[in-house]
Amino acid sequence: MKKVVIHIKAPDQRGIISNYTELFSSLNMNILKLEQHVESDDEMFFMRIEAEMLDKKLKINQLKKHLSKTDKTMNATSKINSKQSRQNVAVLVSKESLPLYDILIKNKIKEIDSDIKCIISNHKTLEDIANQFNIEYMYLDLENKYDAEKQLHEILEKYNIDLIVLARYMQIIPDSIVDLYNERMINIHHSFLPAFKGGKPYHKAWNRGVKLIGATSHYVTKELDEGPIISQDVVHVDHHQSVKELINSGRNLERNVLIDAIKAHIDYRIMVHGKRTIVFSK
C-alpha cells in the first residue's frame, strides 16, 4: 500500500481542509495524519497530510492531476512526497568525528530511516569510521576547486543523492551544489543563530561573556549561516567556563539538533516559507 505525504500551501481561506479531504476521500485515500498552520503576518495556510492510497490502480501522476484541479480552485501549491522508498543520503565531514558517529549509529538502529550511501571529506582522518559501518568513503581534494566541484557533482549523481548532511564540514559549498540541493542540504552550526555566524563561534561567545550557548541546524543557502532554521537548542553557561568547556558543553546540542533536523526532513515534516520553516510534529 502506497503512503504519501502531501504539502499544501495557500492563502488562508474557508474550505481548504474540506476541499482536499473530500478529494482524497473520492480517490479512496485514507488520511493517517493531518496538521495545519496559519502564518498570521501574511495569512498563509500550510498543511501536511499523511495518507494511504488504498486504490492500487491510482498512480502518483494521476494523484498530481487531481490535486492540480483543487490547487487551482484554492490558489494553492501542493507537493507529493512518496514514502515508498528511503532517501539516499551523503554525509560531508572534515575532522570532527562525533556528529558523524551519531548519524551512523542512529541510522544503523533505524532511528533515522535513510540509506547513507557515502561519506565525503576533504580529509582522510575519518575513513576508519566509514569502514566500520561499511560505507563508501570519498576523499575530496580541494587543491583544485574546479576539479573538486566536478568530483562532488559526480559523486552525488552516482549515488542518486536526495539529501546532503554537513556534519561539521568546515568548507564552503559551491553555489552550483547549493542550487541543485535547494532545501535538501542541512548544516549544523555551533551557535544559536543568528548570533555568532561564521568560524569559531564558541570563542566569539566566550569573548562576549554569554550566559547560554546553542546549536542550530538549518538548510544551506548561498549566504553563510543564513538558511532557514530547522532545529535549535541551548544550554546555560557561566563565567567560570573556558572556551574548551563551552565547546564540550555544546557538543551534545550539536548532535541532537542535527539528528532532529535530519529526521524532520526525511519524514517530510518541514515546509519552508521565505527564511522561516514550519516544522510539524513527529
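For Val178, the conditions (1) under 22 Å from Ile103 (Cα atoms); (2) assigned to a loop (DSSP other than H, G, I, E, B) all hold with the exception of (2). Of all residues in the range 193-203, exactly one satisfies the criterion of being crowded, with 22+ Cβ neighbours inside 10 Å and not in a helix (DSSP H, G or I), namely Phe196.
The residue that is surrounded by the fewest Cβ atoms within 10 Å (Cβ to Cβ), counting only those in the range 219-242 that are out of contact with any helix residue (DSSP H, G or I) (no Cβ under 8 Å at 6 or more places or on another chain) and part of a strand (DSSP E or B), is His236. Return a yes/no flag: does the range 42-61 have any residue that is closer than 22 Å to Phe280 by Cβ and surrounded by fewer than 12 Cβ atoms within 10 Å (Cβ to Cβ). Yes, the range 42-61 has at least one match.
Residue under question is Ser249, and the condition is that it be more than 17 Å from Val91 (Cβ to Cβ), small (Gly, Ala, Ser) and exposed (fewer than 14 other Cβ atoms within 10 Å of the Cβ); does it hold? Before you say what the answer is, go through the steps one by one.
On the way: more than 17 Å from Val91 (Cβ to Cβ): yes; small (Gly, Ala, Ser): yes; exposed (fewer than 14 other Cβ atoms within 10 Å of the Cβ): no.
It is false that Ser249 is more than 17 Å from Val91 (Cβ to Cβ), small (Gly, Ala, Ser) and exposed (fewer than 14 other Cβ atoms within 10 Å of the Cβ).
The set of residues in the range 224-256 that are in contact (Cβ under 8 Å) with a residue 40 or more places away in the chain and of a type in the set (Lys, Arg) comprises Arg251, Arg255.
Within this structure, Ser97 passes the test of being more than 18 Å from Glu157 (Cβ to Cβ), in contact with a helix residue (DSSP H, G or I) (Cβ under 7 Å, 6 or more places away or on another chain) and either of a type in the set (Lys, Arg) or without any contact (Cβ under 8 Å) to a residue 60 or more places away in the chain (or both).
When Glu254, Glu245 are checked against the criterion of being among the charged types (D, E, K, R) and either at pLDDT 95 or above or touching a His at 6+ places or on another chain (Cβ under 9 Å) (or both), a single residue qualifies: Glu254.
Take the conditions under 28 Å from Glu50 (Cα atoms), surrounded by fewer than 19 Cβ atoms within 10 Å (Cβ to Cβ) and of a type outside the set (Lys, Arg) and apply them to Val272. Does it pass?
Details: under 28 Å from Glu50 (Cα atoms): yes; surrounded by fewer than 19 Cβ atoms within 10 Å (Cβ to Cβ): yes; of a type outside the set (Lys, Arg): yes.
Yes: the conditions hold for Val272.
It is to be established whether one or more residues within the range 258-278 are among the β-branched types (Val, Ile, Thr), in contact (Cβ under 8 Å) with a residue 60 or more places away in the chain, part of a helix (DSSP H, G or I) and within 17 Å of Phe192 (Cβ to Cβ). No; the residues of the range 258-278 include none that is among the β-branched types (Val, Ile, Thr), in contact (Cβ under 8 Å) with a residue 60 or more places away in the chain, part of a helix (DSSP H, G or I) and within 17 Å of Phe192 (Cβ to Cβ).
Checking each residue in the range 13-38 for being more than 16 Å from Thr70 (Cβ to Cβ) and either hydrophobic (A, V, I, L, M, F, W, C) or touching a Gly at 6+ places or on another chain (Cβ under 9 Å) (or both) picks out Leu32, Val38.
Which members of the range 204-218 meet the condition of being assigned to a strand (DSSP E or B) and either without any contact (Cβ under 8 Å) to a residue 24 or more places away in the chain or within 18 Å of Pro99 (Cβ to Cβ) (or both)?
In the first step, residues of the range 204-218 are kept if they are assigned to a strand (DSSP E or B); the result is 212-218.
Those that are assigned to a strand (DSSP E or B) and either without any contact (Cβ under 8 Å) to a residue 24 or more places away in the chain or within 18 Å of Pro99 (Cβ to Cβ) (or both): Ile213, Gly214, Ala215, Thr216, Ser217, His218.
Among the residues that make up the range 182-192, is at least one of them under 21 Å from Pro99 (Cβ atoms), of a type in the set (Val, Ile, Thr) and under 16 Å from the mean Cα position of the chain (by Cα)? So far as the range 182-192 goes, yes, one or more of its residues are under 21 Å from Pro99 (Cβ atoms), of a type in the set (Val, Ile, Thr) and under 16 Å from the mean Cα position of the chain (by Cα). The conditions of being over 19 Å from Phe280 (Cβ atoms) and surrounded by fewer than 16 Cβ atoms within 10 Å (Cβ to Cβ) are not met by Leu32.
The values are calculated or read from the model by the stated rules, or taken from the named source; none is laboratory data. Computed from a predicted structure; not experimentally measured. Positions of Cβ are generated from backbone atoms using ideal geometry, with glycine treated the same way; all protein chains shown enter the neighbour counts.
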